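Enquirer: Okay, here's the structure, questions in a sec.
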Amino acid sequence: MFRLFTKILSTGIVTERIKAPKDAELEQLGIEIKRHIDRRFSGSIAIRAVDAGSCNGCELEIHALNNPYYDIERFGIHFVASPRHADVLLVTGPVSRHMQTALLRTYQATPNPKWVVAVGDCAACGGEFGESYASCGAVSNVIPVDMTIPGCPPTPEVLMKGLLGLMKR
Amino acid sequence: MSNLNWTEIFGQAMDAAGVLIETQPATADHLSAWQIADRHWQKLAEVAMTHRLRWSAGWAEQGPEQFSVYVLFEKQGEYLQVRTSIDLNRAELPSQATVYPAANRSERHTQDMFGIKFAEHPDNRPWTRHKAWDKHQYPLRKAFAVQGQPEAITPPDLDYAFVKSHGAGTYEIPVGPIHAGIIEPGHFRFQAVGELILNLEERFGYTHKGIEKIAEGRTPESLARLAGRVSGDTTVGHAWAACKAMEQAANISIPPRAALLRGILAERERVANHLGDIGAICNDVAFTFAQIQFSRLREDWLRTQANIFGHRLLMDCIIPGGVKHDIGEADCDAFKADNVRLRKELSDIITTLDLNSSLEDRLYTAGFLSEDIAAAFGTLGYVGRASGQDFDVRRDAPYPPYDKVTVKVALENQGDIASRFWIRYKEIMASMKLIEQFMALLQAGEIATAWQIPAAGSSGLGIIDGWRGEIVSYVAFGSDNKISRFYPRDPSQLNWPALEKLVLNNIVPDFPVCNKSLNGSYSGNDL
Ligand code: SF4
């Protein structure tokens, strides 16, 4: 126990400051926002991450949002286990046809008002996989999308900027 | 020497069994290639089993007049690829899954994708196919258009005949495709009594993106990019295996400096993933201290990669013929500094974990995978090595740059989650050493060889050790430098079935940590 507390103390706080992004910065990052999140939600956004067929690269970076450097929960953004508890669906991957119904049902299960963020090049435009017998391509081909965050995969910093940008106003 | 012997002795045994072998020119080191008649396909498996060959991979390819079906065996680091040909109109072959359980899902995949029937297969359910294409359509046949004829909305696959349980007090738990965490989709069907897992069945294919089909017609560079996305966490591993196969087909060898840089990339990828996994295993038994510490270490590690290679996960760093970025003195210093720092941190943290009794309580004896079962399924990488499977491509069938160093392979034989935890720790230590050895061997020189357009019909088989274990990548070229066939065999394809076994008699709440200890790739499995 003593070692454990020593390590915690000696590690200290590594969380980095991050500023809410300006519009120009979002544009530069290629982040497109069609509809912002209601002001009423600020300080508490519940996200349900849905992998609709990704290569798992995007998941690795979404995971990183919870590491102590980014600690996204400090902005009131937290990940939940059920779409029924979610305000935002964070969808990755080209939507594989085998996941199409599951994604539609997840969308339906999410209470209104809800927002959909397409994360990564695949989710934004089909990416390396595009549309085929097996893939529906971009998320917007399956459900309405409110924001796209490009990148293969987007870095945690870009993801964070995007989510903060979605919340501002 | 002894290696050569087994193929020879095995060949004699096949002869004695009345099987005519046509030996073919081998395209790589540690690899022999044979052709046999289709009617002997099962006999081949039977004799292979008595000679204790490991079933490694199986795939098919459509030629102008026939299907070629391939199987890859391995023993003592020596590989044997056997091919047979069957008529396009009589696409049927005796199953090898009757002999090798490892061949089970692979044959079902080939059946779904090519419409090749495996007679006497113990499980005739589809595997990769759900409802995105019709039962009588086969996406990897050349006549099948890449766009297919999908419905506007692909319905869910409700027909899959899961095993059912009967009896008082047993119940079923269906989980997925979408899981509670931030993880890939797949379905698990449990039969349980109280908290105890009686049976688990996996149903995958949800992330099937048609990788093999959309690979066709690509250029080598474009295939390398696609291979780097077969499984994002193994981007270096798959890109390397695919490039190795393409380089064989083109008959070029990469410069020594490029090989060393590939080695550094691959070992860094291994460390990054193991760091993530160790933290996640602890997190699944609610020990968040370790999760926070290891996710911090992983982040540090990735940031160095972003600085030096321009990509946190190292995507697109390996290209046909070599690597994309060179590194300088300062970069080597940064890698060395990373190692020094990580060793110091681990010595703090690991001792803390080792002394933690609640962690011990949850990880020891849980999720036990016996050596026998691990061997029967041909389990690979850290999963196999935690259950006594002493195999590593880097040591047993070394390829540049591993032929220049001594690769020490970590081994455990307790077969539980703790073993799979400790093996990762040992592999991190070993990888850091390898990175240092590779840096010491670096000499000035080229980092890529000029590409040569491969002759139409040439092919290659790239076999490397990714962070999850042996990756096999088959690539064939058509005319004009275009890919005609790509088949990547991720180690997950052989490791996933082991999960169905190692969860038995564990409690349902321990499933997440059992699963994490194996950490298979869904995307790499579903293609
Ligand atoms: S955007 Fe890139 S990392 Fe994300 S799922 Fe697609 S290929 Fe993988």
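The values are calculated or read from the model by the stated rules, or taken from the named source; none is laboratory data. Computed from a predicted model, the values in this text were never measured in an experiment. In this analysis, Cβ positions are derived from the backbone assuming ideal geometry, glycine residues included, and neighbour counts consider all displayed protein chains. Heads up: the accessible areas ignore ligands, DNA and RNA and are worked out on the full protein's heavy atoms, side chains in. Shrake-Rupley method; radii C 1.70, N 1.55, O 1.52, S 1.80 Å.
Enquirer: For the range A:41-53, which residues satisfy the criterion of being of a type outside the set (Val, Ile, Thr) and within 7 Å of chain B (Cβ to nearest Cβ)?
Expert: Restricting attention to the range A:41-53, the residues satisfying the condition of being of a type outside the set (Val, Ile, Thr) are A:41-44, A:46, A:48-49, A:51-53.
The answer is A:Ala49, A:Asp51, A:Gly53.
Enquirer: May I pose another question? What do you reckon, is B:Ile153 open to solvent by 30 Å² or more (accessible area, probe 1.4 Å), touching a residue at least 12 places away in the same chain (Cβ under 8 Å) and outside the structural domain of B:Glu247 (by TED's automatic domain parsing)?
Expert: No, not satisfied.
Enquirer: Out of all the residues in the range B:65-97, which are in a loop (DSSP other than H, G, I, E, B) and open to solvent by less than 30 Å² (accessible area, probe 1.4 Å)?
Expert: Once the filter is applied, which keeps residues that are in a loop (DSSP other than H, G, I, E, B) and open to solvent by less than 30 Å² (accessible area, probe 1.4 Å), the range B:65-97 yields B:Gly77, B:Ala91, B:Ser95, B:Gln96, B:Ala97.
Enquirer: Given B:Gln443, B:Gln452, B:Gln437, B:Gln414, which one is part of a helix (DSSP H, G or I), surrounded by fewer than 20 Cβ atoms within 10 Å (Cβ to Cβ) and not small (Gly, Ala, Ser)?
Expert: When all the criteria are applied, what remains is B:Gln437.
Enquirer: Taking the conditions exactly as written (more than 20 Å from the chain's Cα centre (by Cα) and within 30 Å of B:Asp333 (Cβ to Cβ)), does B:Gly279 satisfy them or not?
Expert: Details: more than 20 Å from the chain's Cα centre (by Cα): yes; within 30 Å of B:Asp333 (Cβ to Cβ): yes.
When the stated conditions are applied, B:Gly279 passes them.
Enquirer: Any chance you could count how many residues in the range B:314-336 are open to solvent by 30 Å² or more (accessible area, probe 1.4 Å) and within 14 Å of chain A (Cβ to nearest Cβ)?
Expert: Residues meeting the conditions: 1.
Enquirer: Here is a further query. So which residues in the range A:152-169 are open to solvent by 20 Å² or more (accessible area, probe 1.4 Å) and within 12 Å of chain B (Cβ to nearest Cβ), if there are any at all?
Expert: Residues satisfying the conditions are A:Cys152, A:Thr155, A:Glu157, A:Val158.
Enquirer: Could you list, in sequence order, all residues of the range A:17-51 that are touching a Lys or Arg at 6+ places or on another chain (Cβ under 9 Å), open to solvent by less than 50 Å² (accessible area, probe 1.4 Å) and hydrophobic (A, V, I, L, M, F, W, C)?
Expert: A:Ile18, A:Leu26, A:Ile31, A:Ile37
Enquirer: Give me the residue from the range B:312-328 that is away from the ligand (no atom under 16 Å from the Cβ) and in a loop (DSSP other than H, G, I, E, B) and, out of that set, nearest to the chain's Cα centre (by Cα).
Expert: In the first step, residues of the range B:312-328 are kept if they are away from the ligand (no atom under 16 Å from the Cβ); the result is B:319-328.
This time we only want the ones that are in a loop (DSSP other than H, G, I, E, B), so: B:320-321, B:324-328.
On the way: B:Pro320: 20, B:Gly321: 22, B:Lys324: 24, B:His325: 26, B:Asp326: 28, B:Ile327: 28, B:Gly328: 32 Å.
Restricting to residues being away from the ligand (no atom under 16 Å from the Cβ) and in a loop (DSSP other than H, G, I, E, B), the top hit is B:Pro320.
Enquirer: Among (1) over 13 Å from the mean Cα position of the chain (by Cα); (2) within 8 Å of chain B (Cβ to nearest Cβ); (3) open to solvent by less than 30 Å² (accessible area, probe 1.4 Å), where does A:Gly76 come up short?
Expert: Just one mismatch for A:Gly76, condition (2).
Enquirer: Which condition breaks for B:Glu202 when tested against (1) more than 16 Å from the ligand (Cβ to nearest atom); (2) at pLDDT below 95?
Expert: Tallying (1) more than 16 Å from the ligand (Cβ to nearest atom); (2) at pLDDT below 95, B:Glu202 fails exactly one: (2).
Enquirer: A further question follows. For the range B:481-493, state whether one or more residues are hydroxyl-bearing (Ser, Thr, Tyr), within 15 Å of the chain's Cα centre (by Cα) and within 14 Å of chain A (Cβ to nearest Cβ).
Expert: yes
Enquirer: Which residue is nearest to B:Gly210 (Cα to Cα), if the candidates are limited to the range A:130-150 and must be touching a residue at least 60 places away in the same chain (Cβ under 8 Å) and within 13 Å of chain B (Cβ to nearest Cβ)? Even if it seems obvious, please write down each step before you answer.
Expert: Initially, the range A:130-150 is screened for residues touching a residue at least 60 places away in the same chain (Cβ under 8 Å), giving A:135, A:139, A:142, A:145-150.
Pick out the ones that are also within 13 Å of chain B (Cβ to nearest Cβ) and you get A:135, A:142.
Details: A:Ser135: 7, A:Val142: 18 Å.
Of everything passing the filter in the range A:130-150, A:Ser135 is nearest to B:Gly210 (Cα to Cα).
Enquirer: Does A:Val14 satisfy the condition of being more than 16 Å from the ligand (Cβ to nearest atom), outside any helix (DSSP H, G or I) and facing chain B (nearest Cβ under 7 Å)?
Expert: Yes.
Enquirer: Here's a follow-up. I'd like to verify a number: residues in the range A:62-73 that are of a type in the set (A, V, I, L, M) and either within 7 Å of chain B (Cβ to nearest Cβ) or surrounded by fewer than 18 Cβ atoms within 10 Å (Cβ to Cβ) (or both), how many? Walk me through how you get there before you give the answer.
Expert: From the range A:62-73, those of a type in the set (A, V, I, L, M) are A:62, A:64-65, A:72; that's our starting set.
Next, from what is left, pick out any that are either within 7 Å of chain B (Cβ to nearest Cβ) or surrounded by fewer than 18 Cβ atoms within 10 Å (Cβ to Cβ) (or both): A:62, A:64.
Residues flagged as of a type in the set (A, V, I, L, M) and either within 7 Å of chain B (Cβ to nearest Cβ) or surrounded by fewer than 18 Cβ atoms within 10 Å (Cβ to Cβ) (or both) within the range A:62-73 amount to 2.
Enquirer: Check B:Thr50, B:Thr27, B:Thr23 and return the single one that is within 22 Å of the chain's Cα centre (by Cα) and open to solvent by 40 Å² or more (accessible area, probe 1.4 Å).
Expert: B:Thr27
Enquirer: Sort through A:Ala118, A:Ala102 and tell me the only one that's within 11 Å of the chain's Cα centre (by Cα) and among the small types (Gly, Ala, Ser).
Expert: A:Ala118
Enquirer: Moving on to the next point. Given the conditions (1) open to solvent by 10 Å² or more (accessible area, probe 1.4 Å); (2) out of contact with any strand residue (DSSP E or B) (no Cβ under 9 Å at 6 or more places or on another chain), report the number of the one that B:Gly279 does not fulfil.
Expert: Condition (1) is where B:Gly279 drops out.
Enquirer: Right, here's the next one. Would you call B:Ala266 part of a helix (DSSP H, G or I), away from the ligand (no atom under 16 Å from the Cβ) and more than 14 Å from every other protein chain (Cβ to nearest Cβ)? Give the derivation first.
Expert: Details: part of a helix (DSSP H, G or I): yes; away from the ligand (no atom under 16 Å from the Cβ): yes; more than 14 Å from every other protein chain (Cβ to nearest Cβ): yes.
Yes; evaluated as a whole, the condition is true for this residue.
Enquirer: Let me ask another. Identify, please: which residue in the range A:79-116 is open to solvent by less than 10 Å² (accessible area, probe 1.4 Å) and farther than 21 Å from B:Tyr206 by Cβ and is, among those, nearest to the other protein chains (Cβ to nearest Cβ)?
Expert: A:Val88
Enquirer: With away from the ligand (no atom under 16 Å from the Cβ) and either part of a helix (DSSP H, G or I) or modelled with pLDDT of 95 or more (or both) as the only criterion, which of B:Thr406, B:Thr379 stands out?
Expert: Just one listed residue meets the conditions, B:Thr379.
Enquirer: Which one of these is in contact with a Cys (Cβ under 8 Å, 6 or more places away or on another chain) and either among the aliphatic types (A, V, I, L, M) or open to solvent by 30 Å² or more (accessible area, probe 1.4 Å) (or both): B:Leu504, B:Leu499?
Expert: Answer to the check: B:Leu499.
Enquirer: Yes or no: B:Ala239 under 17 Å from the mean Cα position of the chain (by Cα) and either away from chain A (no Cβ under 13 Å) or in a helix (DSSP H, G or I) (or both)?
Expert: So B:Ala239 fits the description; yes.
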